[in-house]
Amino acid sequence: MKILVVGGAGYIGSHCVRQIVEAGHEPVVLDNLVFGHRKAVEPSVLFYEGDLGDEAFVRPVLENESIDIVMHFAAYASVGESVKEPLKYYLNNVAATIHLLNAMKQAGVNKFIFSSTCATFGVPQSLPIVETLPQAPINPYGQSKLDVELILKSLACAEDFRFATFRYFNAAGAAEDGSIGEDHTPELHLIPIAIDAATGKRDSLKIFGTDYETPDGTCLRDYVHVDDLARAHIAAFEKLDQPGTQLFLNLGTGKPYSVKEVIQAVEKASGQKIPIEIDLRRAGDPPALYADSTLAKETLGWEVKFTELDDIVATAWKWHSTHPNGFED
Ligand code: UDP
């Protein structure tokens, strides 16, 4: 099969591109390289540089390449930033996605894999988070992803449109061989920031809130390895052969770790003490998010290979310590 990977030069997208090749399918990458990195994708993979929201650009790619499935990873994904710049999030994550879906409709492509998020649940009514819980996002990032989930449902009511939506918990780690990994500018996510503080690339790490009602007062999150996330996408391909497929699946390890525990894991991997500062809570942060991924297991046979935070962080450390300047190295 031929898969258009929108955002294929980004963090999760680039790991998925590799697995598409390993699974014997053909990826075609579409990325505007604003945040993606050309070097994150093998030169042998067909690459189109352009915007997902540009229908005049996307539609011919879909048609000329005879694309079977579109995977969409190209989104902004920082909770704090989304609170400060909501329009940026709605324009990119929602409006541009509508254009992508419209280009697909014009080109007659009806299979879609969408990257959603646990942030669509807001402050969950119960933990771990099962798919049936009400979704009530508390930040524009989560809302933008929920908006697209609803659009996908509407489309599937109107026509033969099949999709799998994965609600990622906290994507983490890097390729085991250390060749590709996370490289964001600016970096806003906890593990790479902690690594930068361990290596001295930044002076310290700020902990956003130590007064949550959690065991150590810091937020709990479910850190899931990027290659485990990618494997769920490959497993979904055959489901999309069936008309009527609409999947909404949570992808996490099910294990919550606090910000302080993440810092300890990075200290262990790096052998360095991380200088920390206690800061105020970050707007838009729920106290605890962790997954019940039973449905993904039952539906796709999906199971995480990386169950331990230390192992996930070790892969991140391998990538960052060998690529202090990310893909510029
Ligand atoms: N966090 C923190 N300091 C930072 C970055 C993140 O304390 O410099 C916290 C953040 O408040 C959240 C957790 O780490 O509780 C994970 O944040 P991240 O931005 O990595 O992912 P999110 O859960 O927001 O998607």
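Extending 7 Å from Cα along the Cβ direction at residue 54 and again at residue 160 yields two label points whose distance is 3.2 nm.
Could you state the orientation-averaged shadow area of the convex hull built on the Cα atoms of segment 1-146, in nm² to one decimal? Don't skip to the end; give the middle numbers.
On the way: hull surface 36.8 nm².
Dividing the Cα hull surface by four gives the mean projection, 9.2 nm².
Might you report the magnitude of the Cβ-based charge dipole of the chain about its Cα centre, with Lys and Arg at +1 and Asp and Glu at -1, to the nearest 20 debye? Please report the intermediate quantities before stating the final value.
Working: 28 positive and 46 negative charges, 72 e Å.
Charge dipole of the chain: 340 debye, to the nearest 20.
Kindly identify segment 69-131 as rounded, prolate or oblate by the Cα gyration tensor criterion: order the square roots of the eigenvalues as a ≥ b ≥ c, call it rounded if a/c is under 1.5, otherwise compare a/b with b/c, prolate if a/b is larger, else oblate. Oblate, since a/c reaches 1.5 and b/c is not below a/b.
Sort largest first and round to whole Å: the equivalent ellipsoid semi-axes of segment 169-262, each the square root of five times a Cα gyration tensor eigenvalue.
Working: eigenvalues 188, 71, 20 Å².
So the equivalent ellipsoid measures 31, 19, 10 Å along its semi-axes.
Label positions at residue 21 and residue 216, each projected 7 Å from the Cα along the C-beta direction, are separated by 3.8 nm.
About its Cα centre, the dipole of segment 161-279 is roughly 220 debye, where the only charges are +1 on Lys and Arg Cβ and -1 on Asp and Glu Cβ.
Which FRET efficiency value, to the nearest 0.05, is calculated for residue 126 and residue 91 with the Förster distance at 35 angstrom and r the Cβ-Cβ distance?
Working: r = 33 Å, r/R0 = 0.95.
FRET efficiency, residue 126 to residue 91: 0.55.
Overall shape: prolate for the chain, with the ratio a/c of the largest to smallest alpha carbon gyration tensor axis at 1.5 or above and a/b above b/c. The translational diffusion coefficient of segment 242-329, from Stokes-Einstein at 37 °C and 0.692 mPa s with a Kirkwood hydrodynamic radius over alpha carbon pairs, comes to 204 µm²/s.
Normalised by the number of residues in the chain, the average gap of Cα pairs under 8 Å and 6 or more apart makes the relative contact order 19 percent.
Spatially, segment 227-247 and segment 268-328 are offset by 23 Å when compared through their Cα centroids. Under a 5 Å amide H cut-off, with hydrogens placed 1.01 Å from N, residue 291 pairs with 129, 253, 254, 255 among residues at least 5 apart or on other chains.
Taking amide H atoms as placed 1.01 Å from N in the peptide plane, the amide H of residue 171 lies under 5 Å from those of 224, each 5 or more residues away in sequence or on another chain.
Bridgeable lysines around residue 39 (alpha carbons under 25 Å apart, same-chain partners fewer than 8 residues away excluded): 2, 201, 318.
Subtracting the Cα-Cα distance from 0.36 nm times the residue separation, let me have the gained length for residue 44 to residue 185 in nm, one decimal.
On the way: separation 141, 0.36 × 141 = 50.76 nm, distance 2.59 nm.
Stretched out fully, the residue 44 to residue 185 stretch lengthens by 48.2 nm.
Full extension of the chain between residue 204 and residue 278 yields a length gain of 25.6 nm, computed as 0.36 nm times the residue separation minus the alpha carbon distance.
Its alpha carbons give segment 85-233 an Rg and a Dmax of 17.8, 54 Å. Between residue 303 and residue 241, full extension at 0.36 nm per residue minus the direct alpha carbon distance yields a gain of 20.1 nm.
A Cβ-based charge dipole, computed about the Cα centre of segment 156-201 with Lys and Arg at +1 and Asp and Glu at -1, lands at about 180 debye.
Here's the picture: charge each Lys and Arg Cβ at +1 and each Asp and Glu Cβ at -1 in the chain, and of 313, 138, 108 the one pushed furthest to the positive end of that dipole is 138. Between residue 150 and residue 64, the modelled labels are 3.7 nm apart [label points 7 Å from Cα along Cα→Cβ]. Of all aspartates and glutamates in the structure, those lying under 18 Å Cα to Cα from residue 111, and not within fewer than 8 positions of it along the same chain, are 26, 55, 63, 65, 68, 149, 159, 160, 238, 241.
No value in this document is a laboratory result; all are computed from the given coordinates. Computed from a predicted model, the values in this text were never measured in an experiment. Using ideal geometry, Cβ is built from the backbone for each residue, glycine included, and neighbour counts are taken over all protein chains shown.
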